[in-house]
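Quick note: the coordinates plus some simple rules give every number you see, no bench work behind them. In this text the structure is predicted, and so the values were computed from the model without any measurement. Note that we place each Cβ from the backbone using ideal geometry, even for glycine, and neighbour counts take in every protein chain shown.
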Amino acid sequence: MGPELLLGLGSLVSGKGVAVASLKVGRRCLLPLEVNLADHRQPFLAPLRALLLFDIDGVIRDVGRSYRLALAETVAHFSGWRPTPETIDALKAEGRWNNDWDASLELLRRRRSRQPNLELPSRDAVVEVFSGFYFGRDADGAVSRQPQHWTGLIRQEPLLVDEAFFAALSGSGIGWGFVSGAEPPSAHHVLEDRLGLPRPPLVAMGDAPDKPDPTGLLQLAEKLAAAACVPLAHLPMGYVGDTVADVLTVIHARRQQPRLRCKALAVAPPHVAAAAKVRAAYNQRLLAAGADAVIGATAELRPERVFQLLLEE
Ligand SMILES: [Mg+2]
């Protein structure tokens, strides 16, 4: 087998002219390289030193007025009762309701203790109504499928980091990717169209079992480590998430792979972070679930802080 050039992690920030490649001959990885495409004369070595994977909702974008509102509106559509943000947080704290369609249905199911005559909709009906709120509807009433036609709540999602944030990680040898329960069109939209990350490494809804199953996290981590020809067990790694399910995903991953050096880095989502008392209680729940550290905001994860968090005992 002849030499093979593998495009790797940093090609993710090729918008800024930085690429990572590895020279592979047969099964041997000879030369992990980071190349600044803007200046071909000065390639420099920057081997992969760590991995940082991110949840998207509440971590990369604020969904307090999109997904969470769609959840509340969907429940209200079927029951006339609109759950408060605290009710939704309490459900999410159980660690099993990462999927917002299932969370909507579960809140309706529980509501029947107060509204015995409430008829439960099918899951398909929940998905249809939810999607109408989230993406918006075309003139014929169908859920909009094209980003340029989206008029729904997806249009009100402030970003919590920017493209430079990821360029800084890559520049320090920190590979990154995303493991999210968001629907693929929504995840691609925020990462590619809004953040400007071409072909981001992503595990989204349907690519792997829902969190807290660790399959998606482990698969993406393995893939990124293999692209840089570094055994995953040699890499300090973190997963940044905002819910108990995210923390449990890491705990389950370590249980499956005891040599995995993965930490659960938790961050309170913006809708929680605003109120000090609520935030303290929320953070306490994340720590109680097993988070290794709670950080104030995703944007605090500059490379120095990442190494500090991942390497401290
Ligand atoms: Mg989240």
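Measuring r between the beta carbons of ASP207 and GLN256 and using R0 = 22 Å, the FRET efficiency lands at 0.80. In this rough spin-label picture, where each label sits 7 Å from Cα along the Cβ direction, the ASP140-ALA76 distance is 2.9 nm. Backbone amide hydrogens, once placed in the peptide plane, bring GLY238 within less than 5 Å of LEU51, LEU52, LEU53, LYS263, excluding anything fewer than 5 places away on its chain. Model label points for ALA275 and ALA125, set 7 angstrom from Cα along the Cα-to-Cβ axis, are 3.2 nm apart. With coordinates expressed along the principal axes, the C-alpha atoms belonging to the chain extend over 69, 47, 36 Å, beginning with the largest.
Taken along the Cα-to-beta-carbon direction at a fixed 7 Å, the label points for LYS223 and THR84 span 4.1 nm.
For region 132-170, the residues whose backbone nitrogen is under 16 Å from a point 7 Å from the Cα of PHE307, taken along Cα to Cβ, are 168-170.
Using θ = phi - 60° in the Karplus curve 6.51 cos²θ - 1.76 cosθ + 1.60, the 3J(HN,Hα) couplings for region 142-158 round to 6, 4, 5, 9, 9, x, 5, 9, 5, 10, x, 5, 4, 6, 10, 10, x Hz; x is entered for Gly and Pro. Sites listed here are trypsin sites (Lys or Arg not before Pro) in region 191-261 whose DSSP assignment is loop and whose Cβ has at most 12 other Cβ atoms within 10 Å: ARG259.
Subtracting the Cα-Cα distance of GLU163 and ARG110 from 0.36 nm times their residue separation leaves 15.0 nm of extension gain. Based on DSSP H segments of at least four residues, each scored -39500 (n - 2.57), the chain has a per-residue ellipticity at 222 nm of -10500 deg cm²/dmol.
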